[in-house]
1. Please tell me if LEU36 is in contact with a Ser or Thr (Cβ under 7 Å, 6 or more places away or on another chain), more than 26 Å from VAL257 (Cβ to Cβ) and surrounded by 15 or more Cβ atoms within 10 Å (Cβ to Cβ).
2. Conditions: (1) of a type outside the set (Lys, Arg); (2) surrounded by fewer than 19 Cβ atoms within 10 Å (Cβ to Cβ); (3) at pLDDT below 95. ALA18 meets all but one. Number of the miss?
3. Here is a check on your reading of the model: is VAL168 among the β-branched types (Val, Ile, Thr) and touching an Asp or Glu at 6+ places or on another chain (Cβ under 7 Å)?
4. Being in contact with a strand residue (DSSP E or B) (Cβ under 7 Å, 6 or more places away or on another chain), aliphatic (A, V, I, L, M), free of Cβ contacts under 8 Å to residues at least 40 places away in the same chain and outside any strand (DSSP E or B): is that true of LEU111 here?
5. Output the residues belonging to the stretch 131-174 that are more than 17 Å from the chain's Cα centre (by Cα) and polar (S, T, N, Q).
6. Run GLU143 past the list (1) within 20 Å of ASN203 (Cβ to Cβ); (2) touching a Ser or Thr at 6+ places or on another chain (Cβ under 8 Å); (3) not in a strand (DSSP E or B) and report the number of the one that doesn't hold.
7. Checking the condition more than 24 Å from ASN2 (Cβ to Cβ), of a type outside the set (Gly, Ala, Ser) and not in a helix (DSSP H, G or I), which residue from ASP81, ASP85, ASP129, ASP161 passes?
Amino acid sequence: MNSQDMQVIGLCRFSYPAYGGFQVEHDTIEERIAYLYDETRLEERFRLFETIALPCLREQIDPNFDLIIVIGDQLPKRHVDRLHDLTAGMPQVQIQAHAPDQQRPVMKRILNAARRDPSKPCLQFRHDDDDAVSVDFVRQLREAVDDTVALRARYRTVAYDWQNGYVVEVGADGIHAQQVYRPLNVASLGMHVRGNDPTTIMNFAHNKLNRFMPVVSYGNEPMWVRTHSRFNDSRQAKKAHAVPVEPISEDQKGEFVARFAIDEDHVKGVFANG
């Protein structure tokens, strides 16, 4: 089957209060909801979502994909409305509210329910609400799938990993970045799933996909942006290490616009108020 006929499904969790799946631990789900819905934290997440995570998807060269944004069913209405406003004009987006549940089982159900025809193969990717992918990510994912016909015939799932990207910090003073090579990063990591197979990209920890399936890796042009901020859940892990970043150059400002649809003036403007 040609990749152009395959459904592409992206999954983005926006402060969804799952049981499990967080580095920051909480004794009760009420404590987790209070932490996730803290006004200061949510304001930063919205700003990152608006300036980093959404523009690249809005500008995808291949717009033929679905994006499911998963939120908690207790997210206050004003925040739900803000999400709808930010994603207006994006026909790919479905915002789904779900009650707190076990992280992997609920995400697997959501992904499988999104398959329009489960008897056909599909492509899946995860998208964190503070990361970006290149505007040609969907197109490159399809091309990679078409290049691996024999591999897909042998294995029920195959992953595709673009390792070249940027770690950035953003704020009212603009974008500070460092180019890095990081295998099996969440951003720019896709997976092919056979028809009639309920496996999803959420069955596995992203950094362990190569234990369960072949992974085809690419490292040429930068394909993703990963933000580091005070509320990154992954930054709370004991093994997390700082990445030194520097203000981006004039050439990089153009690259960020062209490759990721990230505009530094937009970033400065959004983060200027507080």
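1. Numbers: in contact with a Ser or Thr (Cβ under 7 Å, 6 or more places away or on another chain): yes; more than 26 Å from VAL257 (Cβ to Cβ): yes; surrounded by 15 or more Cβ atoms within 10 Å (Cβ to Cβ): yes.
When the stated conditions are applied, LEU36 passes them.
2. (2)
3. On the way: among the β-branched types (Val, Ile, Thr): yes; touching an Asp or Glu at 6+ places or on another chain (Cβ under 7 Å): no.
So VAL168 does not fit the description; no.
4. When the stated conditions are applied, LEU111 does not pass them.
5. THR148, THR157 - these are the residues of the stretch 131-174 that are more than 17 Å from the chain's Cα centre (by Cα) and polar (S, T, N, Q).
6. The number of the failed condition is (1).
7. On the way: ASP81 fails: not in a helix (DSSP H, G or I); ASP85 fails: not in a helix (DSSP H, G or I); ASP161 fails: more than 24 Å from ASN2 (Cβ to Cβ).
Selected residue: ASP129, the only one of ASP81, ASP85, ASP129, ASP161 that is more than 24 Å from ASN2 (Cβ to Cβ), of a type outside the set (Gly, Ala, Ser) and not in a helix (DSSP H, G or I).
The values are calculated or read from the model by the stated rules, or taken from the named source; none is laboratory data. Everything numeric in this text was worked out from a predicted model, so none of it was measured. So basically every Cβ, Gly included, is an ideal-geometry build from the backbone, and we count neighbours across all protein chains shown.
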